[in-house]
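Values in this text are rule-based calculations from the coordinates and carry no lab data. Nothing here was measured: the structure is a model prediction, and the numbers come from that model. With ideal geometry, Cβ positions are generated from the backbone for all residues, glycine too; neighbour counts draw on all protein chains shown.
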Amino acid sequence: MRKSLIVISGPSGAGKTTIIKRILSDPELKDKIMFSVSHTTRKKRKGEKEGEDYFFVSEKEFREMIEKGEFLEWAEVHGNLYGTHKNNIEKAEEENKILLLDIDVQGAEKIREKMKEKAVFVFIRPSSIEELKKRLISRGDTPEKEIEKRIKDAQKEIEEEKKFDFVIINDNLEHAVNKLKEIAKKVISENQK
């Protein structure tokens, strides 16, 4: 069966967003891959754009969307709701593109349950928990209590990496980007057969 989804997961602060942005701007890949913009109830971070990074909605709006069955998957992460709208998959299929999802481990598990045969699962993590903590602190937008919670969550998430098809240790950004690029090119070439 042809793969039509690349599911990226990993702890907060692992560098997923940076790696994904590099992949989406790569001249070889940008016309063949579409980013799945998730809905979230969390507050917008500095530099984030509505409809590009996330669709920022109220908890009430999000819960209404759940009731209407609009999400392929959704989860509560760090006290906020995140979800992948079904329209993202339909749009990617219409445009004959691979859909790239940046979702948490819970969301990846839900995709695995519903669409395992259509997806490639990639786990991105830092080289160590200490490195992860440094990255979260350097963001400068996360309270210390929240950082500690994210570190605890990360330790649990890293235990799940064995369920993924690929694990990329992001200790060197160029290396991590190239590894994901190789995976994406393989999915694209198998999709074109």
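Structure values in brief
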item	result
Virtual spin-label span in nm between Glu93 and Glu160, 7 Å along Cα→Cβ	2.5
Contact order relative to length of the chain, as percent, for alpha carbon pairs under 8 angstrom and 6 or more apart	35
Selected from Ser138, Ser12, Ser127 as most flexible by GNM, with the chain as the system and alpha-carbon contacts under 10 Å	Ser138
For the chain, calculated [θ]222 nm from helices alone, where every DSSP H run of n ≥ 4 adds -39500 (n - 2.57)	-13500 deg cm²/dmol
Contour minus Cα-Cα distance for Arg112 and Ile129 (0.36 nm per residue)	3.5 nm
Magnitude of the charge dipole, the chain, Cβ model with Lys/Arg +1 and Asp/Glu -1, debye to 20	260
Among Leu5, Ile89, Asn191 - extreme Cα towards positive end, dipole of the chain, charges at beta-carbon	Asn191
Shape category assigned to the chain from the gyration tensor of Cα positions, a/c cut at 1.5	oblate
Listed pairs Lys134/Lys185; Lys30/Lys110; Lys134/Lys156; Lys32/Lys68; Lys46/Lys149; Lys3/Lys60 exceeding 28 Å between Cα atoms	Lys134/Lys185; Lys32/Lys68; Lys3/Lys60
Sorted by Cβ density within 10 Å, fewest first, the residues Thr40, Thr84	Thr40, Thr84
Euclidean distance of C-alpha centroids, segment 120-182 and segment 29-89, integer Å	20
Estimated FRET transfer efficiency when R0 is 25 angstrom, pair Asn191-Ser25 (beta carbons, to 0.05)	0.75
